[in-house]
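First, the structure itself, so that you have it in front of you.
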Amino acid sequence: MFRGGLLGALVLGTSSCVTELPSLVDQDQVTGSLVVGRVITVLTGERSRRYLPQMRFLELEGQDSQQRFQVEIESPDQRFAIDLPSGTYRLNRVQISEGPFMSMADLDMTFSVEAGVITHVGTWRFGVDSPRYGRNVMVSMIAEERVMARTFLNERYPAFNENSIVECLPQPPQVEARLYEVMPCPRISRYFHRHWW
């Protein structure tokens, strides 16, 4: 009983350390620096299931503050604009969903956010292996045309029209990581779990 309570307190304590952010912040709520980019999630190889992958969330960690930010994406192709304090950040975790199935990967890609400018981090492309044991995700950071980024900003954030844009792609620009399956939604019967690893 004591162990269960201790474990529950530990889980609650660690989950409260993550600040959840929407993929598109309101321009009135920007207090730090605006960071803009795009996330694309695609299935590579043969398709053996009717569900296509989509990014559920990204997790960023401030290298100085150790503060973690969870950016809710919930889409296979989504632009994001988030408010972050200036500093160096690490993309350290992603969660990808395919219908009721979810997979997670640990990453190590860093980028810097400057104060007083808009930081454009490019297009983040996540290529997910076909469903199989030992799946990987290939992450590629692609420089996007500044004109497209400026068009998006003019439409969504007209108050930032005069701000300069600095491009800062996460480094390294390409990594491959193992996808680990996490439990599906609690309503799905154990009978329908794909594998137990």
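Look through the stretch 181-197, keep the residues that are charged (D, E, K, R) and surrounded by 11 or more Cβ atoms within 10 Å (Cβ to Cβ), and return whichever of them is modelled with the highest pLDDT.
Of everything passing the filter in the stretch 181-197, Glu181 is modelled with the highest pLDDT.
Scan the stretch 38-62 for residues that are loosely packed, with under 14 Cβ neighbours inside 10 Å and at pLDDT 95 or above and jot them down.
Once the filter is applied, which keeps residues that are loosely packed, with under 14 Cβ neighbours inside 10 Å and at pLDDT 95 or above, the stretch 38-62 yields nothing.
Being surrounded by fewer than 18 Cβ atoms within 10 Å (Cβ to Cβ), over 10 Å from the mean Cα position of the chain (by Cα) and at pLDDT 95 or above is the filter here; which residues of the stretch 88-112 pass it?
Of everything in the stretch 88-112, those that are surrounded by fewer than 18 Cβ atoms within 10 Å (Cβ to Cβ), over 10 Å from the mean Cα position of the chain (by Cα) and at pLDDT 95 or above turn out to be Thr88, Arg90, Asp106, Asp108, Thr110, Ser112.
What tally of residues in the stretch 113-140 results from selecting those that are among the aliphatic types (A, V, I, L, M), surrounded by fewer than 21 Cβ atoms within 10 Å (Cβ to Cβ) and under 15 Å from Cys168 (Cα atoms)?
Of the residues in the stretch 113-140, 2 are among the aliphatic types (A, V, I, L, M), surrounded by fewer than 21 Cβ atoms within 10 Å (Cβ to Cβ) and under 15 Å from Cys168 (Cα atoms).
Look at the stretch 76-87 and say how many of its residues are surrounded by fewer than 19 Cβ atoms within 10 Å (Cβ to Cβ), on the phi < 0 side of the Ramachandran plot, out of contact with any Lys or Arg (no Cβ under 9 Å at 6 or more places or on another chain) and assigned to a strand (DSSP E or B).
Residues meeting the conditions: 1.
If you don't mind, another one. Could you please let me know if Ser75 is modelled with pLDDT under 95 and hydroxyl-bearing (Ser, Thr, Tyr)?
Answer is no for this residue.
Can you find, within the stretch 114-164, the residue that is farthest from the chain's Cα centre (by Cα) among those that are closer than 30 Å to Glu181 by Cβ and among the charged types (D, E, K, R)?
Restricting to residues being closer than 30 Å to Glu181 by Cβ and among the charged types (D, E, K, R), the top hit is Arg132.
Okay, next question. If you scan the stretch 147-162, which residues turn out to be of a type in the set (Lys, Arg) and either touching a His at 6+ places or on another chain (Cβ under 7 Å) or in contact (Cβ under 8 Å) with a residue 60 or more places away in the chain (or both)?
Arg156
Kindly indicate whether Gln66 is in contact with a strand residue (DSSP E or B) (Cβ under 6 Å, 6 or more places away or on another chain) and either at pLDDT 95 or above or more than 21 Å from Thr151 (Cβ to Cβ) (or both).
Considered against the rule, which asks whether it is in contact with a strand residue (DSSP E or B) (Cβ under 6 Å, 6 or more places away or on another chain) and either at pLDDT 95 or above or more than 21 Å from Thr151 (Cβ to Cβ) (or both), Gln66 comes out as no.
For the stretch 25-56, give me each residue that is assigned to a strand (DSSP E or B) and within 22 Å of Ser112 (Cβ to Cβ).
Ser33, Leu34, Val35, Val36, Gly37, Arg38, Val39
Six or more apart or on different chains, Cβ under 9 Å: which pairs go from a residue in the stretch 124-137 that's on the phi > 0 side of the Ramachandran plot to one that's modelled with pLDDT of 85 or more? Could you list them?
These pairs meet every condition: Gly134/Arg178; Gly134/Leu179.
The values are calculated or read from the model by the stated rules, or taken from the named source; none is laboratory data. Just so it is clear, the structure is predicted and the values come from calculations on it, not from any experiment. Please note: Cβ atoms are built from the backbone with ideal geometry, for glycine as well, and neighbour counts cover all protein chains shown.
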